[in-house]
1. Could you work out how far the C-alpha centroid of region 102-118 sits from that of region 45-64, in angstrom?
2. Okay, which of region 149-167 sit inside 15 Å, backbone N to the point 7 Å along the Cα-Cβ direction of Thr76?
3. Quick check on region 77-177: what does the Kirkwood estimate of hydrodynamic radius come out to from the alpha carbon pairs, in Å?
4. Kindly provide the Kirkwood hydrodynamic radius of region 5-54 in Å, to one decimal, from all pairs of distinct alpha carbon atoms.
5. Rank-order 142-150, 108-116 by packing density, defined as the average count of other C-beta atoms within 10 Å over each peptide's residues, highest first.
6. Between Gln23 and Tyr101, with labels modelled 7 Å along Cα→Cβ, what's the label distance in nm to one decimal, could you check?
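Throughout, read-outs are computed from the coordinates displayed, never taken from laboratory work. Predicted, not measured: the structure shown is a model, and the values here were computed from it. Counting neighbours? That spans all protein chains shown, and the Cβs are built from the backbone with ideal geometry, glycine included.
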Amino acid sequence: MANNIEVYKSILRKILPRGKAWQGNDNDFSNLIDGLAPEFKRFNDRAENLINEIDLYSVEELLEDFEKELDITPATDSTIDERRNNVISKINTTGGQSKNYIISVINKLGYLAKIEEYNPFLAGSNAGEVLTNSDWLFTFKITTEEVSLSVKIFLIALINKIKPAHTIAIFDYQMSYFEAGDTVGIKLRELE
């Protein structure tokens with residue numbers, strides 16, 4: 001609406017009743033209007049700012065409240081964008097136990113990922129397969145591109161919350177894994 005204090009002073013003067021008591025610029029009532037106008041402007045600016053705070057994609061002041069409500073503990077070196085993406089991801093995460101679901105959660109955060117599952121050693125297994133004994137049967141490795149420490153901490157916590165309870169996730173961060181032409185995942189730079 002209004003963007004300067006003079007507009008608020010003018011509005012306040014226009015809504016006053018007619019008469020000599022309300023006229024002039026050197027009386028106490030005029031000083032009161034001059035003092036109230038900045039407060040009305042401040043109030044209006046804060047109301048407009050509240051609209052931005054409701055939107056998770058632009059939230060800043062209420063970000064800490066969202067994190068507390070969602071039980072997210074940000075790393076000390078997290079940027080506002082990383083913290084905001086963590087909140088959005090947690091709210092949008094609906095659940096799933098498949099390999100593709102876990103990859104999609106990581107992709108929605110804007111990172112590439114691949115999951116390797118370990119197969120049990122059986123007679124007739126092919127050379128070069130990732131094989132394991134029964135202790136590793138429910139273990140899988142998530143490989144993502146190199147990310148900051150705060151993102152690593154968040155990804156580990158998030159994946160450990162959404163993965164099937166009987167499984168163990170191992171994390172590997174290798175930028176070189178995702179070379180040109182690799183079709184493991186789609187890198188999304190904007191959240192859906």
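1. Distance between centres, Cα-based: 30 Å.
2. Inside the label zone: 149-150.
3. 14.7 Å
4. 12.0 Å
5. 108-116, 142-150
6. With each label placed 7 Å out from Cα toward Cβ, I get 7.6 nm.
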